[in-house]
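The values are calculated or read from the model by the stated rules, or taken from the named source; none is laboratory data. Because the structure is predicted, anything quoted here is derived from the model rather than measured. So basically every Cβ, Gly included, is an ideal-geometry build from the backbone, and we count neighbours across all protein chains shown.
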């Protein structure tokens with residue numbers, strides 16, 4: 001399995017992550033939520049691999065605009081539905097490489113990933 005980066009193309013953190021991958025010659029596929037959405041299967045996979053608390057971006061505008069009862073009663077099931085409806089709720093970026101899942105961009109952590117480069121010689 002290759003490397004997949006999930007995010008939104010105009011997000012500054014996603015831009016930094018994409019630049020980091022490119023400068024290291026890492027071949028990856030980019031999944032832009034704004035263009036491609038987030039399927040129920042993807043959302044369920046994010047939750048099962050990373051957990052609801054890690055996946056939901058509680059600092060963003062989309063979260064703050066949700067009704068309080070929705071935020072207070074958040075379950076895995078409701079989180080999956082919300083992520084499909086409002087992909088901006090998903091913390092980003094999410095990197096999937098083999099059996100590794102990383103959320104957010106932390107250069108020190110990403111340095112430990114195997115380099116699946118097809119661009120370097």
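Some points to look at:
- Per this entry, residue 64 is counted among residues that are without any contact (Cβ under 8 Å) to a residue 40 or more places away in the chain, part of a helix (DSSP H, G or I), at negative phi and surrounded by fewer than 16 Cβ atoms within 10 Å (Cβ to Cβ).
- For region 67-75, the condition of being surrounded by 15 or more Cβ atoms within 10 Å (Cβ to Cβ), over 19 Å from residue 101 (Cβ atoms) and more than 16 Å from the chain's Cα centre (by Cα) holds for at least one residue.
- Residues being outside any helix (DSSP H, G or I) and in contact with a strand residue (DSSP E or B) (Cβ under 6 Å, 6 or more places away or on another chain) - total across region 67-102: 8
- Unique residue being in contact with a helix residue (DSSP H, G or I) (Cβ under 7 Å, 6 or more places away or on another chain), at pLDDT 95 or above and over 16 Å from residue 3 (Cβ atoms) when the list is 56, 103: 56
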